[in-house]
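Asks: I have a structure I would like to understand better, so I am pasting it below and will then ask my questions one at a time.
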Amino acid sequence: MLFAKKCEKRRQVACLSGKRAATCLLFLVVSLAIALPTYAKEPIKEAAMPETKTLYDFTLKTIDGPMKSLLDFKGKTLLIVNVASKCGFTPQYKGLEALYEKYHDRGFEILGFPANNFMGQEPGSDEEIKKFCSLKYNVTFPMFSKISVKGKEIHPLYAYLTQESGFTGDISWNFNKFLVDSKGKIIARFGSKTDPLSKELTEKLEQTLNGSL
């Protein structure tokens, strides 16, 4: 008799558990039926694409101290040069200044970036570099604070110029040059041995200023 009562009790518990499980399952089905149409109506969001970096995204410290965005040069044709005061190519400052004076009124700018990456040929402070350029070569084109143009400490601007500009490859020495059109596109790259007043460079500059490239 006692055994029969225990069996009946277990049957009732099992039955109750079954009913509870069925109720939970029914609740889950109903919930999904209500929720799915709502989710289906939500628009699928596309993953944001990373923005392509341009020359105008960079801001750098000038040789006088204040920060300057390269966006300020939008609409100008640029020649970007890594410079040094104690290099065999340092006399190119004279040609760069002459080039600047000749074409500046046509919307041309030269941006000088001192760098001490090669044989320690730019050891001075910004103040010393500025004084040297002014007294020795009467430089009037924009100059920026000393940066690294190569190696582990390469400045992001030069990482962009040497890796993403379409003219890839490490800076080989002081006075490498990048020609940039008025829309920020890198048009040409010249090595250290290319004189600023050479036919190779000036013809490409003329074409860029005339919009024929």
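Bear in mind these aren't lab numbers, they're just calculated from the coordinates by the rules spelled out. Quantities reported herein were computed from a predicted structural model and do not represent experimental measurements. All Cβ positions, glycine included, derive from the backbone under ideal geometry; neighbour counts span all protein chains shown.
Asks: Could you tell me which of the residues PHE144, PHE190 is touching a Leu at 6+ places or on another chain (Cβ under 7 Å), free of Cβ contacts under 8 Å to residues at least 60 places away in the same chain, of a type in the set (Phe, Trp, Tyr) and crowded, with 20+ Cβ neighbours inside 10 Å? Spell out how you get there, then give the answer.
Replies: Values: PHE144 fails: free of Cβ contacts under 8 Å to residues at least 60 places away in the same chain.
Exactly one residue qualifies, and that residue is PHE190.
Every residue, every condition in (1) assigned to a helix (DSSP H, G or I); (2) touching a helix residue (DSSP H, G or I) at 6+ places or on another chain (Cβ under 9 Å); (3) small (Gly, Ala, Ser), yes or no:
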{"position": "LEU179", "(1), (2), (3)": "no, yes, no"}
{"position": "LYS183", "(1), (2), (3)": "no, no, no"}
{"position": "ARG189", "(1), (2), (3)": "no, yes, no"}
{"position": "LYS193", "(1), (2), (3)": "no, no, no"}
{"position": "LEU197", "(1), (2), (3)": "no, yes, no"}
{"position": "LEU201", "(1), (2), (3)": "yes, yes, no"}
{"position": "THR208", "(1), (2), (3)": "yes, no, no"}
{"position": "GLY211", "(1), (2), (3)": "no, no, yes"}
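Asks: I need the full set of residues from the stretch 123-165 which are out of contact with any Gly (no Cβ under 8 Å at 6 or more places or on another chain), under 14 Å from LEU96 (Cβ atoms) and not in a helix (DSSP H, G or I), in order please.
Replies: Passing the criteria: ASN138, THR140.
Asks: Can you tell me which residue among GLY120, GLY107 is small (Gly, Ala, Ser), under 17 Å from SER192 (Cβ atoms) and surrounded by fewer than 17 Cβ atoms within 10 Å (Cβ to Cβ)? Walk me through it before giving the result.
Replies: Values: GLY107 fails: under 17 Å from SER192 (Cβ atoms).
The match here is GLY120.
Residue by residue, here is whether (1) in contact with a strand residue (DSSP E or B) (Cβ under 9 Å, 6 or more places away or on another chain); (2) without any contact (Cβ under 8 Å) to a residue 60 or more places away in the chain holds:
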residue: LYS76; (1), (2): yes, no
residue: LYS86; (1), (2): no, yes
residue: ASP105; (1), (2): no, yes
residue: LEU111; (1), (2): yes, yes
residue: GLY124; (1), (2): yes, yes
